[in-house]
Amino acid sequence: MFEEGQLYSPVSAGGDGEVTVHLADDHPGANDPAYRRRRNEIAAAALAWQPGTPAPDIDYEDAEQEVWRRVMRELAPKHARYAVAEYREALEAVRLPADRIPGLEEVSARIAPLSGWRYIPAAGLVALREFYGALANRVFHSTQYVRHPAVPLYTPEPDVIHEVVGHGHLLATPTFGELHRLAGVATGRLRDDENVRFLSRVFWFSLEFGVVVEDGALRAYGAGILSSYGEIEEFRAMEHRPLDIVEMGSVDYDITHYQPVLYRAESVAEVAEVVGGFFETCTDESIADLRRTAAFA
Ligand SMILES: [Fe+2]
């Protein structure tokens, strides 16, 4: 999870081992003690996890399972209509359960044979370099909590639905899985944190919120759109701009609302060429040049 600027709730661990997820006052679960308790428990499980061991197996409660079922039910017809073809093929190949939340080990077991990706748990924010760096090795840091049932259609906070339904199916595709990996490899080359932030914004406007024309229709390939059954109805009506790495890497975005401006490619090949080409070739020097161009635009 966690691109820079994505809204996450801070997690703290006290000296007594008590783990607390600090929900903002306007979070839909802020005044729901049972939800807050679950968030603390699920974050504690991720913090206790040791690399090299299986991801914690969360015993999801009925209310959480119901959110998953509802989102899966709502998304299915929308994916059929609006998701890019490779994603729709991945839905068939991965075959996530619609009636229960899969554990991260199960998600890995379904995706790894297709494309080599596996999931590891994250309590909350993962530092930008750590999150992207792991992508180079086809490892995806994933939260395991579920969005609050009061607002199932969209979450600014990346929950297990976003991570697994949104990114998971992309990771199972040849084109978009490779773009995730290339973003990771690129991050390993960059020394300047400002340049990593530039790359993370390009990632945001492509692998999180990218749209593309395919077979004459406008389709989505961004995990943020494909995991939000509210946003997926809206993306066609947003302002669309052509792919532009300088602009995508420099624009500020607000994740608490649907994205008002989206970058549209005219084909999947164009996404691979422009976004993939950027990830494949970018260096500290080349991004510094792009940032200078943005400053003078
Ligand atoms: Fe994401």
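The values are calculated or read from the model by the stated rules, or taken from the named source; none is laboratory data. Everything numeric here is computed off the predicted structure, so don't read it as measured data. Glycine gets a Cβ as well: all are built from the backbone with ideal geometry, and neighbour counts include every protein chain shown. Areas reflect the complete protein model, heavy atoms only, side chains present, ligands, DNA and RNA absent. Shrake-Rupley method; radii C 1.70, N 1.55, O 1.52, S 1.80 Å.
Taking segment 145-175 as the search range and keeping residues that are of a type in the set (Val, Ile, Thr) and under 12 Å from residue 117 (Cβ atoms), which one is farthest from the ligand (Cβ to nearest atom)?
So the first thing to find is which residues in segment 145-175 are of a type in the set (Val, Ile, Thr), and the list is 146, 151, 155, 160-161, 164-165, 173, 175.
Subset that is under 12 Å from residue 117 (Cβ atoms): 164, 173.
Numbers: 164: 11, 173: 15 Å.
My answer is 173.
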### Message
I'd like to check something: does segment 182-201 contain any residue that is in contact with an Asp or Glu (Cβ under 7 Å, 6 or more places away or on another chain), closer than 23 Å to residue 156 by Cα and not acidic (Asp, Glu)?
### Response
yes
### Message
I'm told residue 197 meets every condition in (1) within 16 Å of residue 139 (Cβ to Cβ); (2) away from the ligand (no atom under 12 Å from the Cβ) except one. Can you identify the failing condition by its number?
### Response
(1)
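Tell me whether segment 57-71 contains one or more residues that are of a type in the set (Gly, Ala, Ser) and within 17 Å of the chain's Cα centre (by Cα).
Just the residues of segment 57-71 that are of a type in the set (Gly, Ala, Ser), to begin with: 63.
The next check asks that each one be within 17 Å of the chain's Cα centre (by Cα); those that pass are none.
No, segment 57-71 has no match at all.
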#### Entry: Candidates 219, 201 - the one that is in contact with a helix residue (DSSP H, G or I) (Cβ under 7 Å, 6 or more places away or on another chain), under 15 Å from residue 245 (Cβ atoms) and among the basic types (Lys, Arg)
201
#### Entry: Test: residue 131 is assigned to a helix (DSSP H, G or I), within 15 Å of the ligand (Cβ to nearest atom), hydrophobic (A, V, I, L, M, F, W, C) and out of contact with any helix residue (DSSP H, G or I) (no Cβ under 7 Å at 6 or more places or on another chain)
yes
### Query
In segment 223-243, which residue that is among the hydrophobic types (A, V, I, L, M, F, W, C) and more than 15 Å from the ligand (Cβ to nearest atom) is least open to solvent (accessible area, probe 1.4 Å)?
235
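Take residues that are over 26 Å from residue 229 (Cα atoms) and open to solvent by 30 Å² or more (accessible area, probe 1.4 Å) and tell me which of the helices (runs of 4 or more DSSP H) falling wholly in segment 1-116 contain 2 or more.
Numbers: elements: 33-48, 62-82, 85-94, 104-115.
Filter on segment 1-116 gives 33-48, 104-115.
Given the criteria in contact with a Gly (Cβ under 7 Å, 6 or more places away or on another chain), in contact (Cβ under 8 Å) with a residue 24 or more places away in the chain and either of a type in the set (D, E, K, R) or open to solvent by 40 Å² or more (accessible area, probe 1.4 Å) (or both), does residue 210 qualify?
Values: in contact with a Gly (Cβ under 7 Å, 6 or more places away or on another chain): yes; in contact (Cβ under 8 Å) with a residue 24 or more places away in the chain: yes; either of a type in the set (D, E, K, R) or open to solvent by 40 Å² or more (accessible area, probe 1.4 Å) (or both): no.
Against the criterion (in contact with a Gly (Cβ under 7 Å, 6 or more places away or on another chain), in contact (Cβ under 8 Å) with a residue 24 or more places away in the chain and either of a type in the set (D, E, K, R) or open to solvent by 40 Å² or more (accessible area, probe 1.4 Å) (or both)), residue 210 does not qualify.
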### Summary
Sole miss for residue 58 among (1) under 27 Å from residue 233 (Cα atoms); (2) modelled with pLDDT of 95 or more is condition (1)
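Which of the residues spanning segment 200-222 are among the basic types (Lys, Arg) and within 14 Å of the ligand (Cβ to nearest atom)? Even if it seems obvious, please write down each step before you answer.
From segment 200-222, those among the basic types (Lys, Arg) are 201, 219; that's our starting set.
Correct list: 201 only.
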### Query
In segment 263-297, what count of residues is obtained for those that are aromatic (Phe, Trp, Tyr) and surrounded by fewer than 18 Cβ atoms within 10 Å (Cβ to Cβ)?
1
### Message
Being without any contact (Cβ under 8 Å) to a residue 40 or more places away in the chain, of a type in the set (Gly, Ala, Ser) and open to solvent by 10 Å² or more (accessible area, probe 1.4 Å) is true for just one of 188, 216. Which residue is that?
### Response
216
